[in-house]
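The structure under discussion appears below in the form of C-alpha cells.
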Amino acid sequence: MLKHETGKDTEDYVKFKQIACAEYLLKRGTESVEEVAARLGFPTDREFCTLFKRLKGKTPSDFISGAGIKHLN
C-alpha cells in the first residue's frame, strides 16, 4: 500500500523521512552532524553523511554552511 501511495518501498520511505528530520535538526543549529546522525539511528556519522549527500546532493556540512547556520557547539 505504501508503494502504491508514495511510489517508494518502506526502506526508501524511511530514509527520505530520516533525511527530512535531519534537515530540520541541522537547520536548528543546536546539534552537530554526529549528534544528528546518532539521534536518527545511523550506525555511524559516515553512513549518515553518505545517504544525506546521495539524497540531497550535498554533505550535511555543506547544507549547514549553505543555509548560513552556525552551531552553538
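The values are calculated or read from the model by the stated rules, or taken from the named source; none is laboratory data. No experiment lies behind these values; they were computed from the predicted model shown. These accessible areas exclude ligands, DNA and RNA; they are computed on the full protein's heavy atoms, side chains included. Shrake-Rupley method; radii C 1.70, N 1.55, O 1.52, S 1.80 Å.
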Fill in the blank from the handout: Listed by chain and number, the lysines with an alpha carbon less than 29 angstrom from that of Lys8, same-chain partners under 8 positions apart left out, are Lys17, Lys27, Lys53, Lys56, Lys58
Problem - Rg(Cα)/(2.2 N^0.38 Å) for the chain, N = residue count - result: 1.15
Practice task
Taking the chain as the reference, fit the longest principal axis to its C-alpha atoms, fit the long axis of helix 10-28 to the helix C-alpha atoms, and give the angle between the two in degrees, 0 to 90, nearest 10.
Solution key: 20 degrees
Handout entry: Accessible area (Å², 1.4 Å probe, nearest 10) - Thr6
Key = 50 Å²
Handout entry: Choice from Lys17, Lys56, Lys27 with maximal GNM fluctuation in the chain (Cα, 10 Å cutoff)
Key = Lys17
Problem - Length-normalised contact order of the chain in % [C-alpha pairs under 8 Å, at least 6 apart] - result: 30 percent
Exercise for the section: Can you tell me the 0 to 90 degree angle between the C-alpha axis of helix 45-56 and the longest principal axis of the chain, rounded to 10? Expected result: 70 degrees
